[in-house]
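A.B. asks: Have a look at this one before I ask anything.
Laboratory data are not the source of any read-out in this text; all were calculated from the coordinates shown. What you see is a predicted model, and the numbers here were worked out from it, not measured in a lab. Note that we place each Cβ from the backbone using ideal geometry, even for glycine, and neighbour counts take in every protein chain shown.
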């Protein structure tokens, strides 16, 4: 399992998500916060090995560099434009969309 007993931190968590997250990830004892992951908050979570963010946390190389133990990023969004994917690849970080958090049905194909 990717998480093992790593420190798991979920950012930008809203009240309606808490019960689901706590139940789904209970064995990992996740840290849930309403804060965005940004320069002013990153030092509080520098021991995180797994993080999950939404779209308001911009994961730049500078932010990622302040998380030396980070191994995995799960975004609760439909895209990765808020994540410096080049910096992730350079560092060997895994990043994925955490589809379990998307609570609305989504089409497999988008028609333009």
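A.B. asks: How big is the gap, in Å, between the Cα center of region 20-35 and the Cα center of region 41-96?
C.D. replies: A separation of 17 Å, based on Cα centres.
A.B. asks: Just the number: Rg to Rh for region 8-98, Cα atoms, Kirkwood Rh, two decimals.
C.D. replies: 0.93
A.B. asks: Moving on. Using the basic label-point model (7 angstrom from Cα toward the beta carbon), what is the residue 69 to residue 96 distance in nanometres?
C.D. replies: 2.1 nm
A.B. asks: Which peptide among 25-34, 73-82, 44-53 comes first, and what is the full order, when sorted by highest mean count of other Cβ atoms within 10 Å?
C.D. replies: 44-53, 73-82, 25-34
A.B. asks: Which residues among region 25-42 fall inside the zone where the amide N is under 18 Å from a point 7 Å beyond the Cα of residue 17, along Cα→Cβ?
C.D. replies: Only 25-39, 41-42 pass the distance filter.
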